[in-house]
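Reading through the structure tokens given below for one structure.
The values are calculated or read from the model by the stated rules, or taken from the named source; none is laboratory data. Predicted model, so just to flag it, every value in this text is computed and none were measured. Cβ coordinates were reconstructed from backbone atoms using ideal geometry, including for glycine residues, and neighbour counts include every protein chain displayed. For the accessible areas, the whole protein counts, side chains as well, though only heavy atoms, and no ligand, DNA or RNA atoms are used. Shrake-Rupley method; radii C 1.70, N 1.55, O 1.52, S 1.80 Å.
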Amino acid sequence: GRVVFVPETVVGDRLHARLLRVKPNIGYGKLHELLEASPQRIRPRCIVADKCGGCQWQHLDYGAQQIAKFNQIVQALERIGGFQNPPVSPLLPLASAEPDADLHYRNKSTYPLGRSVIGLVQAGYYRKGSHQLVNLNQCPIQDTRLDPLLAEIKQDIQEQKWSIYNEEKHRGKLRHLSLRIGRRTGEILLTLVTANTGLPNLTEQSEAWMQRYPNLVGVLINYNRDRTNTIFGPETDVVAGRWYLREIFADLEFQIQPTTFFQVNTEQAEALMYAVLEELQLTGNEVVVDAYCGVGTLTLPLAQRVQRAIALEVQPEAVEQAQQNAALNDITNVTFHTGTVETLLPELTERPDIVLLDPPRKGCDRSVLETLRTQQPERIVYMSCNPSTLGRDLKILCEDGLYQLTRVQPADFFPQTTHVECAAFLQRR
């Protein structure tokens, strides 16, 4: 009579599970013995998939992953949103034609650094449910062009004898190694995150990296001095090369810094953006508000197709980058505003035709939703990476029949993981 959650299992498995915790209606367990494997279970294509916490579904056939993500969205909209038979479309096909398109897609990887028991520098992801490092020399879901750097830079750090940060004692220097690549340009940024200044021979080593890797356009150092799980600190310096890489997205050129938020799956993000444009059927006369605009990834392609765009963003650095990207592409019909959406949205002097929402995982603040219910734009597009908060927020927007949920378009930005992105379309009744 209980639902029992058992990680690392697949629909159709027969197994022995060991119960760890039992509540009145649900239980939590762990896989003790696999008696009979599901037809959907596959051999992971990563040699550390059973240890590393980076991926959760390496053991699940990709077709089954898509079905599970589709059901995850439907169930969240039904149970949390209260929608009956929500209009969820099938997941967008993978945009890349490569045979392993469900791998090698990440354009950014940030690795915690550590030392082995014999003192060797390690970089990787944490074991599931722990802060024990799983050392990696390559990662099958990151762009393959980053793999050589991962193994070789660890060795260089070892030879330079730079100290590695100890999070328990809050001592040492190097905390993370971050690699980022422009999927269309091939340009790479290498960023070291450190708790303290003063890495001997950093300039010389950075110049050596620039010569060794032809696609490396910048080596940067970011300072994070706080005792925190946040990766990047507020200050970044250029050691060699330049502070940004160039990327092509929706036929526009973007300059992306190490700490800039940019979707990790370039091709799928672009595919979803084109699906949004197709659904909106823009005439060129619309006024569009892009809340949570970031560096203008969605704002600028929209601006090319409407009369005017208004972009809201809380991070001043992101607004500055968005303005630079607009100028780079000769887009002049966007007005950028710095501040919280909660503050800026009610201050708009005209009612927009379309509002695009792309909030963080926690979703929109209730006041944002109430402002939208007051302003009543003709259409709302809600981009979400969290079906639970999406369901919660859509329920509020659609209360009393004010808006109708016309379509939800999922896209798999994160193959081999449990995460899924989608765009929900609302029409004012």
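Figures for the structure shown
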| item | result |
| --- | --- |
| Residues of the range 233-246 classified as assigned to a loop (DSSP other than H, G, I, E, B), touching a strand residue (DSSP E or B) at 6+ places or on another chain (Cβ under 7 Å) and within 16 Å of Pro316 (Cα to Cα), total | 1 |
| Test: Lys69 is over 30 Å from Leu397 (Cβ atoms) and either open to solvent by 40 Å² or more (accessible area, probe 1.4 Å) or under 22 Å from the mean Cα position of the chain (by Cα) (or both) | no |
| Selection from the range 1-44 of residues that are at negative phi, charged (D, E, K, R) and surrounded by 17 or more Cβ atoms within 10 Å (Cβ to Cβ) | Asp13, Arg41 |
| Long-range neighbours under 6 Å by Cβ, at least six apart or interchain, first residue more than 16 Å from Val314 (Cβ to Cβ) within the range 328-341, second open to solvent by 30 Å² or more (accessible area, probe 1.4 Å) and part of a strand (DSSP E or B) | Leu328/Glu253; Asn333/Arg308 |
| Any strands (runs of 3 or more DSSP E) falling wholly within the range 273-349 and containing at least 2 residues that are open to solvent by less than 10 Å² (accessible area, probe 1.4 Å) and at pLDDT 95 or above | 287-290, 308-313 |
| Asp156, sole failed condition from (1) at pLDDT below 95; (2) surrounded by 13 or more Cβ atoms within 10 Å (Cβ to Cβ) | (1) |
| Residue ID - farthest from Phe261 (Cα to Cα), chosen from residues in the range 298-324 that are out of contact with any Phe, Trp or Tyr (no Cβ under 6 Å at 6 or more places or on another chain) and among the β-branched types (Val, Ile, Thr) | Val306 |
| The range 202-225 residues that are touching a residue at least 40 places away in the same chain (Cβ under 8 Å) and polar (S, T, N, Q), paired with ones that are surrounded by 14 or more Cβ atoms within 10 Å (Cβ to Cβ) and in a helix (DSSP H, G or I) (beta carbon under 8 Å, 6 or more apart) | Gln205/Asp156; Gln205/Gln160; Asn215/Arg145 |
| Within the range 45-62, tally of residues that are open to solvent by 30 Å² or more (accessible area, probe 1.4 Å) and within 15 Å of Val420 (Cβ to Cβ) | 3 |
| Selected residue [crowded, with 19+ Cβ neighbours inside 10 Å and out of contact with any helix residue (DSSP H, G or I) (no Cβ under 8 Å at 6 or more places or on another chain)] from Thr185, Thr194 | Thr194 |
| Ile221 being among the β-branched types (Val, Ile, Thr), crowded, with 18+ Cβ neighbours inside 10 Å and within 25 Å of Ile354 (Cβ to Cβ) | no |
| Total residues in the range 375-407, condition open to solvent by less than 30 Å² (accessible area, probe 1.4 Å) and in contact with a Pro (Cβ under 6 Å, 6 or more places away or on another chain) | 1 |
